[in-house]
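Okay, so here's the structure we're looking at.
The values are calculated or read from the model by the stated rules, or taken from the named source; none is laboratory data. Note that the structure is predicted; figures quoted are calculated from it, not measured. Backbone-built Cβ (ideal geometry, glycine too); neighbour counts: all protein chains shown.
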Amino acid sequence: MTHSEFDSFRPTEPARRRRTDRRGAGRRRDGGDGSREMPMVPEAEFTSYYGRPVVKPAPWGDDVAAYLFLGGVAGGSALLGLGGQLTGRPTLRRNARVTALAAVSLGAVALVRDLGRPERFLHMLRTFKLTSPMSVGSWILSAFSAGAGVAAVAEIDRMSSARLPLGPLRPVLQAVEGPAGVEAALFAGPLAAYTAVLLGDTATPTWNAAREELPFVFVSSAALASAGLAMITTPVREAGPARKLAAFGVMGEMVAMRVMEHRMDPVEAEPLHQGRAGAMLRWSERLAAAGGLGTLLGGRNRAVAAASGLALLAASALTRFGVFEAGLSSAKDPRYTIEPQKNRLAARRAAGITGDSITTAG
């Protein structure tokens, strides 16, 4: 059996003398008649050692899943805050800025809890490594938090009728709150997307297979969460940007999820439809559709807007937790690592790629 183009340079093997039985008929010990080549070794059936996982599951718990969700809420809220700032909607601007600070603060607490010690986060800021999503993400989180914090403190000082003990810093704060809101909005998209890049950069089968489309899913999910929360907390007369962001978020998440699942190997996509992850993602799709429909048809009614916003917020949370759970499940079963590799190998051989180390290794 020829495996590569270099087999043609091998010298011709001399003909072997057949053994004959007592009747003189040529027989092979393996039952063949010698008229054609017979495989000497059967095709290998790859499995893992005692069925144990091939890759080590990520040592992350619910704290990281919560951070994924809260980071999306913070990023989308910063964008809405900038929208309120530029369009003269003070209530939307105030609510979105305060929400962004609260969400990023709670997300930082969840992240530090997972790290175990607060100083570990500070250690990640000692270097900046472009090839490390975690290193880049730490700097994105820090830069976003600085801008969101300044803008939110200015809003809180305004809400308290200038009772915060700022002293001579109050004029400085009022002067920089606008640029700080813009700066936070610039880092909003990277904050919502970098966690998807972080998941896709691991060896976890489902996350790695979804690495190209997962950032689009997370950004759309962030739009759902922030828009839904703004629709709950903001009067409908100022929630126009939130309704528009919600509509784009619903369409973006549904399309991105469909494209992602279509491009993935069917085996790698199975965890997205099974068990707890499958249930969460199915409900996420239903709630997103219901919330989007309510936003379009009755978004100017306060009660309908609040109910639709709650549905969108829950849909975003279920998307993040569902994708997170699906990845952990795929790492625990060796089938999700081995079968897609065999499928890719078969596809390369079917395409005629037979002269590299990948296709000739078997």
Looking only at residues in the stretch 179-209 that are outside any helix (DSSP H, G or I) and modelled with pLDDT under 95, which one is nearest to residue 266 (Cα to Cα)? 204
Conditions (1) in contact with a Gly (Cβ under 7 Å, 6 or more places away or on another chain); (2) within 16 Å of residue 315 (Cα to Cα); (3) among the acidic types (Asp, Glu): number failed by residue 253: (1)
Take the residues in the stretch 110-133 that are assigned to a helix (DSSP H, G or I) and either within 12 Å of residue 67 (Cβ to Cβ) or of a type in the set (S, T, N, Q) (or both); name whichever of them is modelled with the highest pLDDT. 110
Are any of the residues in the stretch 88-109 exposed (fewer than 12 other Cβ atoms within 10 Å of the Cβ) and modelled with pLDDT of 85 or more? yes
The stretch 308-330, residues that are within 17 Å of residue 59 (Cα to Cα), among the aliphatic types (A, V, I, L, M) and crowded, with 24+ Cβ neighbours inside 10 Å: 323, 326
Within the bounds of the stretch 142-149, is there any residue that is without any contact (Cβ under 8 Å) to a residue 40 or more places away in the chain and either closer than 30 Å to residue 235 by Cβ or among the aromatic types (Phe, Trp, Tyr) (or both)? yes
Tell me, which helices (runs of 4 or more DSSP H) wholly within the stretch 242-360 include 2 or more residues that are closer than 30 Å to residue 84 by Cβ? 275-298, 302-332
Answer residue from the stretch 197-215, given it is over 16 Å from residue 284 (Cα atoms) and of a type in the set (A, V, I, L, M, F, W, C) and is surrounded by the fewest Cβ atoms within 10 Å (Cβ to Cβ) among those: 203
Return yes when residue 176 is within 30 Å of residue 336 (Cβ to Cβ), in a helix (DSSP H, G or I) and among the β-branched types (Val, Ile, Thr) and no when it is not. no
Looking at (1) touching a Gly at 6+ places or on another chain (Cβ under 6 Å); (2) closer than 14 Å to residue 246 by Cβ, which one does residue 277 not meet, given that it meets all the others? (2)
Tell me, yes or no, whether the stretch 137-146 has at least one residue that is among the aromatic types (Phe, Trp, Tyr), under 26 Å from the mean Cα position of the chain (by Cα), at pLDDT 95 or above and under 30 Å from residue 326 (Cα atoms). yes
